[in-house]
Amino acid sequence: IDAADEIEVALNDGRKFPARVVGRDPETDLAMLQIHAPDRLPVMTFANRDSLKVGDVVLAIGNPFGVGQTVTMGIVSALGRSHLGINTFENYIQTDAAINPGNSGGALVDANGNLVGINSAIFSRSGGSMGIGFAIPVSLARNVMEQIIRSGEVTRGWIGVEIQEVTTELAQSFNLPEARGTLIAGVLRGGPADRAGIKPGDVLLAIDGQRLDNPQQMLEHVAAMSPGGKASFQMLRGHKPVELAVEIGRRPVPGQGRPQNPQ
């Protein structure tokens, strides 16, 4: 729906309705639409948050290549896929159910018809399905939906740092006992981290006592925090442990005045 002049929602019975955008979240590639139908429409049940397992049968619903509504079947190949470079926040369900161009935004459902994800992307050398498709998990989609319903937008925590994975080589150069944590590669001047005293070269190990082993965990943890609240950041500075209280800021909307990469 990005940059669309008009949006139309087509139902499986052939009816079509104009839609309006209630809210959008570019960092997860999700948007919420509203239509007005003359009668009550059936609704889909959300699956339980932790009910999906690798090997479960799933069905992908969509309109591939514009041929009309289509259902394909496969299994869950993996959970928690990230580092794909698709969106800022990634925690994808991987499935081998055939997903092709036109399936994006369609439902991924379990064998009982419960919604488990939103089809989002494929890995392909040819442009067609190669059995590696990715779906946004329903837990993430539901959080985005509820925030948009409540306030019209998605609000996330932010501290204003550039982060980097602690590789084995970096761990050796910093004399760390193991390759885990998040290296603070840069600090935005005047941001929450800068005001709290976080410095480039610090290695973040935990927030409020919760161990965070990599940048993705750190990003998701901070984003889930409420702006204005305070959190204790446990870090290593050189060989010394450091603990700092950080007031969480509000994550800027991409493209509106601040760099997109600082977390």
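The values are calculated or read from the model by the stated rules, or taken from the named source; none is laboratory data. None of these values were measured; they are calculated from a predicted model. Neighbour counts are summed over all protein chains in view; Cβ atoms, including those assigned to glycine, are modelled from backbone coordinates with ideal geometry. Please note that ligands, DNA and RNA were not included when accessible areas were found on the heavy atoms of the full protein model with its side chains. Shrake-Rupley method; radii C 1.70, N 1.55, O 1.52, S 1.80 Å.
Listing for the model above:
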item: Selected from 41, 61, 30, residue furthest toward positive end of dipole (region 17-163; charges at beta carbon); result: 41
item: Descending semi-axes in Å of region 1-83, equivalent ellipsoid built from Cα gyration tensor; result: 27, 18, 15
item: Largest-first ellipsoid semi-axes for region 1-42, taking √(5λ) over the Cα gyration tensor eigenvalues, angstrom; result: 21, 11, 9
item: Electrostatic dipole magnitude of region 106-191 [Cβ: Lys, Arg +1; Asp, Glu -1; Cα centre; debye, to 20]; result: 180
item: With eigenvalues of the C-alpha gyration tensor scaled by 5 and rooted, region 72-225, Å; result: 34, 20, 13
item: Max mean-square fluctuation residue, GNM over the chain, Cα-Cα springs under 10 Å, options 208, 39, 25; result: 39
item: Karplus (6.51, -1.76, 1.60) ³J(HN,Hα), θ = phi - 60°, over region 180-190, in Hz, Gly and Pro reported as x; result: 8, x, 10, 7, 7, 8, x, 10, 6, 4, x
item: Point-charge dipole on Cβ atoms (K/R +1, D/E -1) for the chain, about Cα centre, debye to 20; result: 460
item: Calculated FRET efficiency for the pair residue 21/residue 165, C-beta based, R₀ 41 Å, to 0.05; result: 0.70
item: Vicinal HN-Hα couplings computed from phi for region 208-214 (Karplus, 6.51 cos²θ - 1.76 cosθ + 1.60; Hz; Gly/Pro x); result: 6, x, 8, 5, 10, 8, 8
item: Debye equation applied to the C-alpha atoms of the chain, log10 I(q)/I(0) at 0.09, 0.11, 0.16 Å⁻¹; result: -0.49, -0.71, -1.23
item: Per-residue SASA entry for residue 166, accessible area with 1.4 Å probe, Å² rounded to 10; result: 10
item: Rounded accessible area per residue of the chain, 1.4 Å, Å²; result: 55
item: Gain in span if fully extended, residue 53 to residue 2, counting 0.36 nm per residue against the direct Cα distance; result: 15.1 nm
item: Accessible area of the chain belonging to carbon and sulfur atoms, whole % at 1.4 Å probe; result: 49
item: Trypsin sites (Lys or Arg not before Pro) restricted to DSSP loop in region 1-106 with at most 15 other C-beta within 10 Å; result: 15, 40, 49, 53
item: Loop sites in region 158-263: trypsin sites (Lys or Arg not before Pro), DSSP, at most 13 other Cβ within 10 Å; result: 189
item: Gain upon complete extension [residue 12, residue 214; 0.36 nm per residue less C-alpha separation]; result: 68.4 nm
item: Magnitude of the charge dipole, region 1-153, Cβ model with Lys/Arg +1 and Asp/Glu -1, debye to 20; result: 220
item: Per-q log10 I(q)/I(0), region 1-144, q = 0.08, 0.11 Å⁻¹ (Debye; single scatterer per alpha-carbon; no solvent); result: -0.21, -0.40
item: Segment residue 130-residue 253, extension gain: residue separation times 0.36 nm, minus the distance between their alpha carbons; result: 40.9 nm
item: Whichever lysines have a C-alpha closer than 26 Å to that of residue 199, once near sequence neighbours (fewer than 8 apart) are set aside; result: 230, 240
